[in-house]
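Here is the structure we will look at.
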Amino acid sequence: MSYRIGSGVDFHRLAEGRELWIGGVLIPHTKGAVGHSDADVLLHAICDAMLGAACLGDIGVHFPDTDATYKNIDSKILLKKTADLINAEGYELVNIDSTLCLQEPKIKPYVPLMQEAIAKITSLTIREVSIKATTTEQMGFVGREEGLIAYATVLMQKKG
Ligand SMILES: [Zn+2]
C-alpha cells in the first residue's frame, strides 16, 4: 500500500463586516475572516495539506486570488475541486487531523457541523475528520483577535 502525508497551514485577518466561515460552517460572530474567497481558514489548510500530500503545489497555484472566478467563492467548492484533483492522481484520503487557533468565539459547538460538512465533500466518515481548537492564551495576533490560524495534516493512500 502506498501512503502519502501532507501538511497545510493558513492564516486570515479578522475584521468587522465580514462573515465568519470556518470548516464550511457560518459562525455567528462580531468579526469575520478577510480574504478573496469566503476566507475559510480551515478548508484552505485542508486543501493545502491534500495538495501537499500529492506534491501538487499549493492552493494559490490552483485557485489564484487574482482570478475573479474565486472572488467570494464558497471554499467548500475549492475543497471539492481539490478532492477531485487528488482522486484524479489515484489517491483517496484516509484521514484528516486539524487544529484551529482563535481567541473568540468558542467553536466547540460547531465542530460536529464542520466534521459533517468536510466528511461529505471528502467522502470520509466523521470519525476520520478530526478538528481541534485552541486559543493562544491572549498572546499575539490571535490573542488580540486580529486573525486566526488553521493547521491540517492529511494521510492519503493509493487507490487499489
Ligand atoms: Zn485562506
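The values are calculated or read from the model by the stated rules, or taken from the named source; none is laboratory data. Because the structure is a prediction, the values reported are computed rather than measured. A quick note on method: Cβ atoms are made from the backbone with ideal geometry, for glycine too, and the neighbour counts reach across all protein chains shown. The area values use the complete protein model at the heavy-atom level, side chains included, leaving out ligands, DNA and RNA. Shrake-Rupley method; radii C 1.70, N 1.55, O 1.52, S 1.80 Å.
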Would you confirm whether or not segment 17-29 contains a residue that is more than 16 Å from the ligand (Cβ to nearest atom), closer than 18 Å to Phe141 by Cα and surrounded by 15 or more Cβ atoms within 10 Å (Cβ to Cβ)?
yes
Can you confirm whether segment 88-98 contains a residue that is within 14 Å of the ligand (Cβ to nearest atom), closer than 25 Å to Gln138 by Cβ and touching a strand residue (DSSP E or B) at 6+ places or on another chain (Cβ under 8 Å)?
yes
Within the bounds of segment 38-49, is there any residue that is closer than 17 Å to Thr122 by Cβ and open to solvent by 10 Å² or more (accessible area, probe 1.4 Å)?
yes
Any chance you could count how many residues in segment 118-133 are open to solvent by 80 Å² or more (accessible area, probe 1.4 Å) and part of a loop (DSSP other than H, G, I, E, B)?
1
Would you confirm whether any residue within segment 43-52 is under 18 Å from Leu155 (Cβ atoms), away from the ligand (no atom under 13 Å from the Cβ), within 13 Å of the chain's Cα centre (by Cα) and not hydrophobic (A, V, I, L, M, F, W, C)?
no
Within segment 1-117, strands (runs of 3 or more DSSP E) holding 2 or more residues that are modelled with pLDDT of 95 or more, in contact with a helix residue (DSSP H, G or I) (Cβ under 7 Å, 6 or more places away or on another chain) and closer than 18 Å to Ile149 by Cβ:
3-16, 91-101
Here is a list of conditions, (1) touching a Cys at 6+ places or on another chain (Cβ under 8 Å); (2) open to solvent by less than 60 Å² (accessible area, probe 1.4 Å), and Lys76 meets all of them except one; can you say which number that is?
(1)
